[in-house]
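Participant: Just dropping this structure here.
What follows draws every value from the coordinates through simple rules; no lab data is involved. Because the structure is predicted, anything quoted here is derived from the model rather than measured. Because the Cβ atoms are built from the backbone with ideal geometry, glycine has one as well, and the counts that use them run over all protein chains shown.
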């Protein structure tokens with residue numbers, strides 16, 4: 001992926017954690033009084049992970065097209081809040097910021113979900129329930145909540161798939177939990193524990209997860225014969241084809257389980273499961 005980014009004209013250091021990127025924003029930085037466009041990447045907790053300056057000759061539209069092709073959400077509203085009108089004209093005269101609109105949940109329960117629709121659905125159906133349990137939203141634009149129980153901070157967040165969203169295979173997510181003595185979420189946790197929700201589930205509950213997983217997989221539409229082709233490595237094609245196969249092996253607490261979904265109906269089933277399990 002980093003090679004593709006470089007081809008798109010992005011610079012500013014190596015990108016080692018692309019799989020952790022949840023969404024992106026465009027902003028600008030001034031050097032010697034001249035504003036240059038910059039792409040900022042954020043993880044699933046809304047924390048900045050990297051920023052890249054666009055090289056001369058590379059347009060924001062080109063980078064946007066690439067990010068959309070790999071399923072990364074772009075949130076342009078931040079541009080409107082941080083950049084002045086004259087700065088936008090310096091970056092690219094053709095850029096016209098659209099009015100910021102809150103993502104909405106689609107009316108069709110069987111339509112493929114976009115990343116923003118997934119986030120809106122999670123906030124509405126899961127976030128409201130968590131907040132009723134005493135959790136508070138950590139920051140705007142993230143699917144992360146925190147609650148203090150005496151001297152312990154319990155954090156709950158949704159980690160979205162680094163593979164993005166596919167029209168046929170859909171996408172997936174994990175639920176992460178953290179118990180610590182501080183509210184911070186860092187990569188080096190020294191005073192607590194962080195784990196996937198599925199790490200702590202019983203054998204019986206994991207069997208329920210596998211059944212729900214296979215139910216989702218059984219509803220996926222059949223991809224066209226040229227799905228993933230041409231110019232796709234054989235190992236990648238094999239991986240893509242596996243995304244449509246039922247889970248035969250039993251899950252264990254050590255399994256790297258991602259909750260698969262494609263439609264609103266799929267996500268609502270997982271949310272109902274989480275409300276009885278988390």
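Participant: Testing the spin-label approximation: label points 7 Å from Cα along Cα→Cβ at residue 204 and residue 149. State their distance in nm.
Facilitator: The modelled label-to-label distance comes out at 2.2 nm.
Participant: How many times 2.2 N^0.38 Å is the alpha carbon radius of gyration of the stretch 123-278?
Facilitator: Normalised Rg, Cα atoms only: 1.16.
Participant: Let me ask something else. Would you mind ranking 160, 276 so that the residue whose beta carbon has the fewest other beta carbons within 10 Å leads the list?
Facilitator: Values: 160 24, 276 8.
The most exposed by this proxy come first: 276, 160.
Participant: On to the next question. Can you give the FRET efficiency to the nearest 0.05 for residue 193 and residue 226, using r as the Cβ-Cβ distance and R₀ = 45 Å? Please report the intermediate quantities before stating the final value.
Facilitator: Details: r = 46 Å, r/R0 = 1.02.
With a Förster radius of 45 Å, E is 0.50.
Participant: So, one more: So how much slack lies between residue 219 and residue 268, counting 0.36 nm per residue of separation and subtracting their Cα-Cα distance, in nm?
Facilitator: Result: 16.2 nm gained on full extension.
Participant: Separation of the stretch 109-187 and the stretch 199-278 by C-alpha centroid, Å?
Facilitator: 18 Å
Participant: Now a separate question. Quick check on the exposure proxy: order 38, 140, 216 from fewest to most C-beta atoms within 10 angstrom.
Facilitator: The order, fewest Cβ neighbours first, is 140, 38, 216.
Participant: What length, rounded to one decimal in nm, is gained on full extension from residue 140 through to residue 211, with 0.36 nm per residue of separation minus their alpha-carbon distance? Show your work: numbers first, answer last.
Facilitator: Values: separation 71, 0.36 × 71 = 25.56 nm, distance 3.36 nm.
Net length gain for the segment: 22.2 nm.
Participant: Rank the residues 219, 260, 210 as a footprinting-exposure proxy: fewest other Cβ atoms within 10 Å of their Cβ go first.
Facilitator: Ranking 219, 260, 210 by Cβ neighbours within 10 Å, fewest first, gives 219, 210, 260.
Participant: Still on this structure: What FRET efficiency would be calculated for the residue pair residue 242, residue 132, taking the C-beta separation as r and a Förster radius of 35 Å, to the nearest 0.05? Display every interim value, and only then the final one.
Facilitator: Values: r = 38 Å, r/R0 = 1.09.
Efficiency, from the Cβ-Cβ distance: 0.40.
Participant: Whole number please: convex hull volume per residue of the Cα set in the stretch 195-264, in Å³?
Facilitator: Considering the Cα atoms of the stretch 195-264, their hull volume per residue is 121 Å³.
Participant: Just to verify a number: FRET efficiency for residue 276 and residue 184, C-beta to C-beta distance, R0 = 41 Å, to 0.05?
Facilitator: The calculated FRET efficiency here is 0.85.
Participant: Let me ask something else. Between residue 168 and residue 64, what is 0.36 nm times their sequence separation minus the Cα-Cα distance? Round to one decimal in nm.
Facilitator: Details: separation 104, 0.36 × 104 = 37.44 nm, distance 2.19 nm.
Roughly 35.2 nm would be gained on extension.
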